[in-house]
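Student: Could you have a look at this structure, given as structure tokens, before my questions?
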Amino acid sequence: MCMDRRDETLRLEAERWQVGVDKSVGKHPERKASFESLSDLPIGRLYTPRDLPGFDYVEDLGFPGQYPFTRGVQNTMYRGRLWTMRQFSGFGSAEDTNQRYKYLLDNGQTGLSVAFHFPTLKGVNSDHPLSRGEVGKCGVAIDSLRDMEVLFDGIPLDKVTTSMTVNHPAPVLLAMYLAVAKKQGASWDKVGGTVQNDPLKEFFAQKSYVWPPRESVRLLVDTMEFCAKHVPKWHPVSISGYHIREAGSTAQQELAFTLADGIAYVEAAVARGLDVDSFAPHLSFFFDAHLDFFEEIAKFRAARRLWARIMKERFGAKDPKSLWLRFHTQTAGVSLTAQQPLNNIVRTAVEAMAAVLGGTQSLHTNSFDEAEALPTEEAVTVALRTQQILAEETGVANTVDPLAGSYFVEALTNEMEKAAREYIRKIDDLGGMVAAVEAGYPQSEIIRASMEFQRAVEDGRKVIVGVNKYVKKDAKPLHLLKIDDSVERAQVARIAEVKKNRDNAAVEAALGRVRDAARGQENLMYPIVEAVGEYALLGEVCGALVDVFGAYQDPAIF
Amino acid sequence: MKKVRVLIAKPGLDGHDRGAKVVAKFLQECGYEVVYTGLHQSPEQIVNAALQEAVDVVGISVLSGSHEYVFPEVMRLLKEKEMEDVLVFGGGTIPEDDIPALLATGVKALFRPGTPLADIQTFMKEHVG
């Protein structure tokens, strides 16, 4: 009865406040008729317990490390160990990038993250006609095991964990990494890291696809099965919302489409006959941290809670680790502006803080010059220092999930989960994510959202400082990192050298075994590991798979 | 009056197509006839598409750093096919320092990140109506 009286008092106080608000607004209207988040969720003036009807601490939040993991997957979070500071990096040749890795490790970075150039992401060699002008430009050029040996020269792979952002060709790059580990004498059960290997989002987000959706999911499950057996510390997939968001989705779509991809992968692995608890603890996730501070924090918290519920209720997972949504975060590349670039340092700092308050396991902070080019050493140092300042000066890492219990943050977390559930229901109705991708559903949702965002920027409803408000001509262009054409020439020459020095008959035989396995049911990782060991080129291995699977073509929807 | 036809093209292996699609949709809404090539086109494919579709304008979006190869190559091929009257513009992550050399090859305008769509419309009105 005591509760009822309190509720009644709360109602009366709220009404009293509303009278005051009406008076104030009558005299001085608010800045806008309505307020929305960056992703167009309506944002209220004030949040109180009345916005959280039926809120149940244990059921909705629980304790850190406990179901439904809203407050974080570990018991002590950053008090035990800080997040991994993992700057995504790769440019030019393997030699250039190897130097950058050593620089970052010397400066306190705690994990590596490889950015490959477009030809590698698309499964073609540097001497392919479409590679012209792109070699080493957006990442490091890797054509064969020879390049991978140079990339990790002097870096002990049983001591450092590495994340590799590559998707359809991921099994080939993972095979090369494992071959380098073997040559270093590092045993595979000590090798840790992640390969993105998230094929479905390629069709509607990053667009670095090679083969069609169903074949791409088969290869993913092959990798999952192989890693569970031979490389137990490796995360064979990082289910990624980052590219979905960067392609123009809202936060709700990012969350929903990412988890829907995850559901498709779990279903495929279970259909293969794998026990859900044998692979689910190795699943990892990757999200974007955009500028709307509270919306992003709510997104991360909702992601953990929703995934835990899906794994438990939908897939009957038993191992608590199967319920964990562990994630890497990158600040939003798309929020960087070419205009007044130093402002990007502030944007990135705020986004990084949202990721930390949202409980990320690892973080990449963008550099201020990245709206135009890959970062210079100076810019990447500022980005890394931003994380170090957050971690060691601001105190934000000292308490677990410090925003829990905020009426606003909890209400927004609920909204996020609800919106994502609605999308997931729609995707289920379409027959799951593979069928939804084939039907062009996420593609058209993202186009709609990105067009709407652009319109809001055009008419000033959404402000981008330096772009549509506080515009000022920049005094002088930034000094940018420039990759010259010599990288392309050297890379093409190295391909010729590799072809000359290897046993070409052995390569042909190995590629034949890749094709045979692709036609049948055999796990493709085994013949791929063998082919890579014979110095088969990335484009040759992917080409052998395309011979059997076919190449995917963009439907060019706009 | 015949509608002005525009080809929006994505060259190379770059998959960043948000800008290309937003511009394609916008120009369509402005009343232009828009054809989009889809991703992963070589300069030859882009010029062949421009020829087959008989377009008046080609807009090329590059976010991969390959602009110094793509634009001159497209301009060379257009000249080879005697299609110099086709208006070419571009956009994407193209550093300011690289722009003068690209404009010198005959590209009419390059729109950098943050360009309002209205600027592209003004440009189109000025050159093709």
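Student: Hey, among the residues in the range A:480-495 that are aliphatic (A, V, I, L, M) and part of a loop (DSSP other than H, G, I, E, B), which one's surrounded by the fewest Cβ atoms within 10 Å (Cβ to Cβ)?
Tutor: A:LEU480
Student: Follow-up question, since we're still on this one. Only one residue in A:GLN74, A:GLN87, A:GLN66 is crowded, with 16+ Cβ neighbours inside 10 Å and touching a Leu at 6+ places or on another chain (Cβ under 7 Å), so which one is that?
Tutor: Criteria check complete, one pass: A:GLN87.
Student: Any chance the range B:77-96 includes a residue that's within 10 Å of chain A (Cβ to nearest Cβ) and free of Cβ contacts under 8 Å to residues at least 24 places away in the same chain?
Tutor: There is at least one residue in the range B:77-96 that is within 10 Å of chain A (Cβ to nearest Cβ) and free of Cβ contacts under 8 Å to residues at least 24 places away in the same chain.
Student: Out of A:PHE558, A:PHE549, I need the residue that is in contact with a strand residue (DSSP E or B) (Cβ under 6 Å, 6 or more places away or on another chain), touching a residue at least 60 places away in the same chain (Cβ under 8 Å) and among the aromatic types (Phe, Trp, Tyr). Which one?
Tutor: The match here is A:PHE558.
Student: Then there is this: Count, please, the residues in the range B:102-129 that happen to be surrounded by 13 or more Cβ atoms within 10 Å (Cβ to Cβ) and farther than 22 Å from B:VAL55 by Cβ.
Tutor: Qualifying residue count, the range B:102-129: 4.
Student: Here's a follow-up. If we scan the range A:483-501, do we find a residue that is under 30 Å from A:ASN343 (Cα atoms) and at pLDDT below 95?
Tutor: Among the residues of the range A:483-501, at least one is under 30 Å from A:ASN343 (Cα atoms) and at pLDDT below 95, which makes the answer yes.
Student: Checking the structure you have, find out if any residue of the range A:173-194 is within 14 Å of chain B (Cβ to nearest Cβ) and at pLDDT 95 or above.
Tutor: No, the range A:173-194 contains no residue that is within 14 Å of chain B (Cβ to nearest Cβ) and at pLDDT 95 or above.
Student: Further question on the same structure: Report, ordered by the first and then the second residue, all pairs with beta carbons closer than 6 Å, sequence separation of six or more or different chains, a first member in the range B:103-114 that is free of Cβ contacts under 8 Å to residues at least 12 places away in the same chain, and a second member that is buried (at least 17 other Cβ atoms within 10 Å of the Cβ).
Tutor: B:GLY114/A:THR337; B:GLY114/A:ALA338; B:GLY114/A:GLN339; B:GLY114/A:VAL467
Each row is one residue, and each column tells you yes or no for (1) touching a residue at least 60 places away in the same chain (Cβ under 8 Å); (2) touching a strand residue (DSSP E or B) at 6+ places or on another chain (Cβ under 8 Å); (3) surrounded by fewer than 24 Cβ atoms within 10 Å (Cβ to Cβ).
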site	(1), (2), (3)
A:ILE239	no, yes, no
A:THR250	yes, no, no
A:HIS282	no, yes, yes
A:ARG304	yes, no, no
A:ARG314	no, no, yes
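Student: Here's something else I'd like to know. Among the residues of the range A:34-85, count how many are assigned to a loop (DSSP other than H, G, I, E, B) and basic (Lys, Arg).
Tutor: Looking only at that region, the number is 3.
Student: Now, a different point. Regarding A:ALA379, is this residue farther than 25 Å from A:GLY193 by Cα, surrounded by 19 or more Cβ atoms within 10 Å (Cβ to Cβ), among the aliphatic types (A, V, I, L, M) and within 14 Å of chain B (Cβ to nearest Cβ)?
Tutor: yes
Student: Can you pull out every residue in the range A:104-125 that is touching a His at 6+ places or on another chain (Cβ under 9 Å) and within 14 Å of B:ASP14 (Cα to Cα)?
Tutor: Across the range A:104-125, the qualifying residues are A:PRO119, A:LEU121, A:LYS122, A:GLY123.
Student: Next up: Please list, ordered by first then second residue, the pairs with beta carbon atoms under 6 Å, 6 or more apart or interchain, first in the range A:64-92 and under 14 Å from A:THR399 (Cα atoms) and free of Cβ contacts under 8 Å to residues at least 40 places away in the same chain, second among the charged types (D, E, K, R) and surrounded by fewer than 22 Cβ atoms within 10 Å (Cβ to Cβ).
Tutor: The qualifying pairs do not exist here.
Student: Restricting to the range A:120-157, and then to whatever is more than 10 Å from every other protein chain (Cβ to nearest Cβ) and hydroxyl-bearing (Ser, Thr, Tyr), can you tell me which residue is farthest from B:PRO43 (Cα to Cα)?
Tutor: A:SER144
Student: So B:ASP14 ticks every box in (1) surrounded by fewer than 23 Cβ atoms within 10 Å (Cβ to Cβ); (2) at pLDDT below 95; (3) of a type in the set (Asp, Glu) but one. Which box is left unticked?
Tutor: Answer for B:ASP14: the failing condition is (1).
Student: For residues in the range B:20-46 being in a helix (DSSP H, G or I) and touching a Pro at 6+ places or on another chain (Cβ under 8 Å), which is farthest from the other protein chains (Cβ to nearest Cβ)?
Tutor: B:ILE46
Let's see how each residue does on (1) within 14 Å of chain B (Cβ to nearest Cβ); (2) part of a loop (DSSP other than H, G, I, E, B); (3) surrounded by fewer than 24 Cβ atoms within 10 Å (Cβ to Cβ):
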{"residue": "A:ASN197", "(1), (2), (3)": "no, yes, no"}
{"residue": "A:TYR209", "(1), (2), (3)": "yes, yes, no"}
{"residue": "A:PHE226", "(1), (2), (3)": "no, no, yes"}
{"residue": "A:ASP261", "(1), (2), (3)": "no, no, no"}
{"residue": "A:GLU267", "(1), (2), (3)": "no, no, yes"}
{"residue": "A:PHE279", "(1), (2), (3)": "no, no, yes"}
{"residue": "A:PHE285", "(1), (2), (3)": "no, no, no"}
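Student: Quick one: in the range A:166-195, of everything that is part of a strand (DSSP E or B) and in contact with a helix residue (DSSP H, G or I) (Cβ under 8 Å, 6 or more places away or on another chain), which residue is surrounded by the most Cβ atoms within 10 Å (Cβ to Cβ)?
Tutor: A:VAL195
Student: Still on this structure: I'd like the full set of residues that are under 30 Å from A:VAL140 (Cα atoms), more than 9 Å from chain A (Cβ to nearest Cβ) and surrounded by fewer than 23 Cβ atoms within 10 Å (Cβ to Cβ), limited to the range B:47-72.
Tutor: B:PRO72
Student: Restricting attention to the range A:86-139, report how many residues are assigned to a helix (DSSP H, G or I) and not aliphatic (A, V, I, L, M).
Tutor: Qualifying residue count, the range A:86-139: 15.
Student: Can you list residue pairs whose Cβ atoms sit under 6 Å apart, with the first residue in the range A:526-538 being at positive phi and crowded, with 18+ Cβ neighbours inside 10 Å and the second being among the polar types (S, T, N, Q) and outside any helix (DSSP H, G or I)? Count only pairs 6 or more apart in sequence or on different chains.
Tutor: Close Cβ pairs satisfying both conditions: A:TYR535/A:SER144.
Student: What are the pairs with Cβ atoms under 7 angstrom where one residue, in the range A:481-509, is within 14 Å of chain B (Cβ to nearest Cβ) and the other, located anywhere, is surrounded by fewer than 19 Cβ atoms within 10 Å (Cβ to Cβ)? Sequence gap at least six, or different chains.
Tutor: A:LEU481/A:THR376
Student: Sticking with this structure for a sec: Working only within the range A:60-78, note down all residues that are at positive phi and in contact with a helix residue (DSSP H, G or I) (Cβ under 6 Å, 6 or more places away or on another chain).
Tutor: A:PHE69
Student: Let me ask something else. In this structure, is A:ALA536 assigned to a helix (DSSP H, G or I), over 30 Å from B:GLY114 (Cβ atoms) and small (Gly, Ala, Ser)?
Tutor: No, not satisfied.
Student: Those residues that are touching a Ser or Thr at 6+ places or on another chain (Cβ under 7 Å) and within 14 Å of A:HIS290 (Cβ to Cβ), I need them from the range A:334-362; list them, please.
Tutor: Selection gives A:ASN344, A:ARG347, A:THR348, A:ALA349, A:GLU351, A:ALA352, A:ALA355, A:THR360.
Student: With the structure loaded, tell me whether A:GLU458 is surrounded by 13 or more Cβ atoms within 10 Å (Cβ to Cβ), closer than 24 Å to A:THR120 by Cα and under 32 Å from the mean Cα position of the chain (by Cα) or whether it fails that test.
Tutor: For A:GLU458, the condition - surrounded by 13 or more Cβ atoms within 10 Å (Cβ to Cβ), closer than 24 Å to A:THR120 by Cα and under 32 Å from the mean Cα position of the chain (by Cα) - is not met.
Student: Check whether at least one residue in the range A:334-353 is surrounded by 20 or more Cβ atoms within 10 Å (Cβ to Cβ), within 12 Å of chain B (Cβ to nearest Cβ) and in contact with a Pro (Cβ under 6 Å, 6 or more places away or on another chain), and report yes or no.
Tutor: So far as the range A:334-353 goes, yes, one or more of its residues are surrounded by 20 or more Cβ atoms within 10 Å (Cβ to Cβ), within 12 Å of chain B (Cβ to nearest Cβ) and in contact with a Pro (Cβ under 6 Å, 6 or more places away or on another chain).
The values are calculated or read from the model by the stated rules, or taken from the named source; none is laboratory data. Predicted model only: the values in this text are computed from it and were never measured. Please note: Cβ atoms are built from the backbone with ideal geometry, for glycine as well, and neighbour counts cover all protein chains shown.
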